[in-house]
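A short write-up of the structure that comes next.
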Amino acid sequence: MIDFNAATRTFNLILAGSVYAFQVDGEGRLVHLAWAPRPAGATDDDVIDGRNGFKAADSVASFERQTRRDEFLTFGDVTYHEVSLKASFASLPRDLAAQEALHGPIRDVRLRYASHEVVTDAQPGLAPTHGLPTSDPSPRQTLRVTLRDTVQPFAVTLCYRLTPEHDILERWCELENSGQEAVTVEALNFAVLHLPKGATELTSVYGNWAREFTTQRERLPVGIRVIEQRGLQTGHFANPFFLANWPGQAWEECGPVYFGALAFSGSWRITAEHLASGDVRIHGGYNPFDFRLDLEPGQRHVTPAWVCGVSNAGWGGASRRLHAFTRQRVLPRAPGWSEERPVLYNSWEATYFDLSQAGQVELARKAAAIGVELFCVDDGWFGARRSDLAGLGDWVVSPEVFPGGLNPLIDEVRRLGMRFGIWVEPEMVNPDSDLYRQHPDWVLHFPSRPRTEARAQLILDFGRPEVVAYIYDALDRLISQHAIDFIKWDMNRNVTEPGSTAGQAIWRRHAAAVYAIMDRLRRAHPHLSIESCSGGGARIDLGILTRTDQFWTSDNTDAFDRIRIQEGCSLAYPAMAMEAWVTDVPNHQTGRISPLSLRFDVAMRGALGIGANLNRLSQAELDECAGYIAFYKRIRSVVQQGELYRLQRLEEYGASAVQYVLSDQREAVYSLAVRDHQIDQHRPPAVLKGLNPSATYSALDHRGQEVYRASGFELMTQGMIDDSGKGIGYSRTLHLVQVEK
Ligand code: GLA
């Protein structure tokens, strides 16, 4: 609900469990008032009426600190801190030009309230254009507040879209140049979030290839902490979300926790600013590194969204809000696919580049026999791609690998009752490819400078419309000529020499072009499903997830490492989109040997996939796999649609216990995996959450056998079955179903 008090010009954005308020002050500036969980017992009539406006502290004339909490901070007047916008004007409006001589561009923006409106179904920048619905397509309200510069014909509209049921606000801004000359934008955040004073405990993730989503929790010192990616994809080094709280006042399931996630896969930055005054501001938007945006006369620029919220239920509550929002409002729903993700088989670790028609058919038969629903052929099926040294860019089926084309394999996969998927890496080219030989100028580079290769490949210049059109056509042809249900869209290197015909705009254009190709493909092939991959988990964010159905979490498939990677990933992203495979031992990335039970128990925490070489498994092992896959299908709706509770976190217990529970409380899934264990260490039994205390639950193992029976009350007080003494590598998954006493 959006409440506006015309007397005090105060806005209240009222969500299920939180409120966000700001006000137009006496000078027309938009000033933040509050963002907080709603106190228990508050009704829709309880709002902040704006009589008690915010007083900026420390207005010492000569050494002022900018403590006024502007909803949008501009470079202009007092600018000692991070800003939302820095822009410059090359000239004065005509009526003023006669009065004063210019001595250079005017680097000063002063925004004052002009108008506001509430609209339905407003869209942030880079919103999907594929036309597919989300699980919940019901309309939402957006408050648009337009601010105008006091002198220049330049306006900024701040947008606030409300998803009240998930306590989510999406914030973005729209710049509009209605003058006669270009406006140069040098820095642009989508929004700034004013946290309450002292909310300085910050949770974020960092990592690298095969080591994504390492959680770090730190106390912000006074100063600036930057979380960022300077690149063309979201990146391995960090992921664009944060959680923040007062130190010591929030925990996994309690206390107010603020959170934000950027819906953007380009060069991004989150800047957490802790001022000496105690103020905490979290800015999110375009990375200012090599940034430039020229807003031509008459042009508008709409930024992507900064998705944010506050939960009173700890880090877990913050995660659950992001998960539910992503499941219901972000992920697309393609016709013909069920609400739940299918069990996938991917041949990458089984065969690498050693592909053949017969080999894939053999794998497909074994995959179907154990219950796989989607069979995906990975890298190596096209052009001269017999290794990673050649072929990228030539998206035609290799007759060497598939002499009869792909269709015989696809027919067999379909005959076996599975859907068919295929790997592509559309943004790339190997210099050893027909595409590069024909168009050596189509890659990002600076003339006369080296073109640095990584994994023997260069990046196509998606700033060139003809390149984007060529890649779209190649993919469209591939999908039109074959019954392809699914593509795994990969991106396997970081950028160097970002020289593009689009100039510095390439940092935004590249992501926009990837989005545009995906959207167009989905429009043309509505049944198509897409997985986002970038050397594992380097393209996971709420922007790409509006046009993909799932993501490849990490190239690291070691079950022990996956416990940690998936736990970090779960801070922001839902299990249903988190693809997780069971692969061979020794693990190909770490050399570690882990039991099949652990590999399944960990992979079943997300969208289950199989990446093992099925030809190397004995019939007994295949039967065991089939048993687990059948079990996963029984618990899948709970894992993929349920609410997630991290009952025991690795950092505290050396083990991870998680629970998923359906909103009607009839079913839950409990999953334990032990990564570290010391002799004489006893973990307390995990205490469950969110169950019906008066109901009785039967806990069934993967064979369907009851191993425990207890009431919801007991499970939520005394706890789960006692596994406290179990050692490294122990795991179990239990399906809890309500039964008669
Ligand atoms: C990346 C992906 C892998 C696999 C290879 C193929 O590393 O993350 O899953 O597809 O590329 O080259």
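Using 0.36 nm per residue and subtracting the Cα-Cα separation, the extra length available between residue 415 and residue 739 on full extension is 112.8 nm. Between 693, 682, 705, the Cα set farthest toward the positive side of the dipole of region 665-713 (charges on each charged residue's Cβ, about the Cα centre) is that of 693.
Take each peptide in 98-110, 378-390, 231-243, count the other Cβ atoms within 10 Å of every residue, and average; sorted highest first, the result is 231-243, 378-390, 98-110. With a Förster radius of 25 Å applied to the C-beta separation of residue 407 and residue 621, the computed FRET efficiency comes to 0.20. With both residues required to sit in the chain, DSSP beta bridges show an antiparallel share near 85%. Computed on region 331-403, with alpha-carbon pairs under 8 angstrom and 6+ residues apart, the relative contact order is 32 percent. Taking only the C-alpha atoms of the chain, Rg followed by Dmax gives 26.7, 89 Å. Checking every one of the GluC sites (Glu not before Pro) in region 267-344 against DSSP loop status and a limit of 16 other Cβ atoms within 10 Å picks out 339, 340. Measuring between their Cα centroids, region 694-741 and region 393-425 lie 43 Å from each other.
Expressed in units of 2.2 N^0.38 Å, where N is the residue count, the Cα radius of gyration of region 142-250 is 1.37. Only protein heavy atoms count here; under a 1.4 Å probe, residue 45 has an accessible surface of about 130 Å².
Backbone geometry of region 500-510 corresponds, through the Karplus equation with coefficients 6.51, -1.76 and 1.60 at θ = phi - 60°, to 3J(HN,Hα) couplings of 9, 5, 7, x, 5, 5, 4, 4, 9, 5, 4 Hz, x marking Gly and Pro.
For residue 633, the lysines whose Cα falls under 25 Å of its own Cα, not counting residues fewer than eight places away in the same chain, are 366, 488, 689.
Scalar couplings 3J(HN,Hα) for region 334-341, obtained by applying the Karplus form with A = 6.51, B = -1.76, C = 1.60 to θ = phi - 60°, are 7, x, x, 9, 6, 4, 9, 6 Hz; x denotes Gly and Pro.
For region 164-319, averaging the sequence separation of C-alpha pairs within contact (under 8 Å, six or more residues apart) and dividing by the residue count gives a relative contact order of 36 percent.
Each Lys and Arg adds +1 at its Cβ and each Asp and Glu adds -1 at its Cβ; summed about the Cα centre, the chain shows a dipole of about 420 debye. For region 83-207, a crude dipole built from +1 on the beta carbon of Lys and Arg and -1 on the beta carbon of Asp and Glu, taken about the Cα centre, is about 240 debye to the nearest 20. Stretched out straight at 0.36 nm per residue, the stretch from residue 717 to residue 634 would grow longer than its current Cα-Cα span by 27.2 nm.
DSSP beta bridges confined to region 416-515 are antiparallel in about 50 percent of cases.
Between the listed residues 402, 312, 626, the Cα displaced farthest toward the positive end of the dipole of the chain, a dipole computed from Cβ unit charges relative to the Cα centre, is found at 312. Of the residues 585, 200, 392, the one whose Cα sits farthest toward the positive end of the charge dipole of the chain, with +1 on the Cβ of Lys and Arg and -1 on the Cβ of Asp and Glu, is 200. The charge dipole of region 222-344, taken about its Cα centre with unit charges on the Cβ of Lys, Arg, Asp and Glu (plus for the first two, minus for the last two), comes to roughly 220 debye. Put a dot 7 Å past the Cα of residue 662, heading toward its Cβ, do the same for residue 110, and the two dots end up 6.1 nm apart.
Measuring from a point 7 Å past the Cα of residue 178 along Cα-to-C-beta, which residues in region 135-161 have an amide N at less than 11 Å? 147-149, 153-156, by backbone N distance to the label point. With Cα atoms defining each centre, region 179-203 and region 572-591 are spaced 36 Å apart in the structure.
Computing FRET efficiency as 1/(1 + (r/R0)^6) for residue 473 and residue 218, where r is the C-beta to C-beta distance and R0 is 51 Å, gives about 0.60. Other residues lying with their Cβ under 14 Å from the Cβ of residue 1 contribute a combined charge of -3, Lys and Arg counting +1, Asp and Glu -1. Only Cα pairs under 8 Å and 6+ residues apart enter the sum, and on that basis the relative contact order of region 33-185 stands at 18 percent.
Here the Karplus relation 6.51 cos²θ - 1.76 cosθ + 1.60, evaluated at θ = phi - 60°, turns the backbone of region 400-409 into coupling constants of 5, 8, 10, x, x, x, 7, 4, x, 5 Hz, with x for every Gly and Pro. Between residue 208 and residue 289, the C-beta separation translates, for a Förster distance of 25 Å, into a calculated FRET efficiency of about 0.85.
Peptides 511-524, 126-139, 285-298 ranked from most to least packed by the mean count of surrounding Cβ atoms within 10 Å: 511-524, 285-298, 126-139.
Once label points are set 7 Å from the Cα along Cα→Cβ at both residue 27 and residue 42, what is their separation, rounded to one decimal in nm? Distance between the two pseudo-spin positions: 2.9 nm.
The values are calculated or read from the model by the stated rules, or taken from the named source; none is laboratory data. Just so you know, these numbers come straight off a predicted model, no measurement behind them. We place every Cβ from the backbone using ideal geometry, glycine too, and count neighbours over all the protein chains shown. Heavy atoms of the whole protein, side chains included, go into the accessibility calculation; ligands, DNA and RNA do not. Shrake-Rupley method; radii C 1.70, N 1.55, O 1.52, S 1.80 Å.
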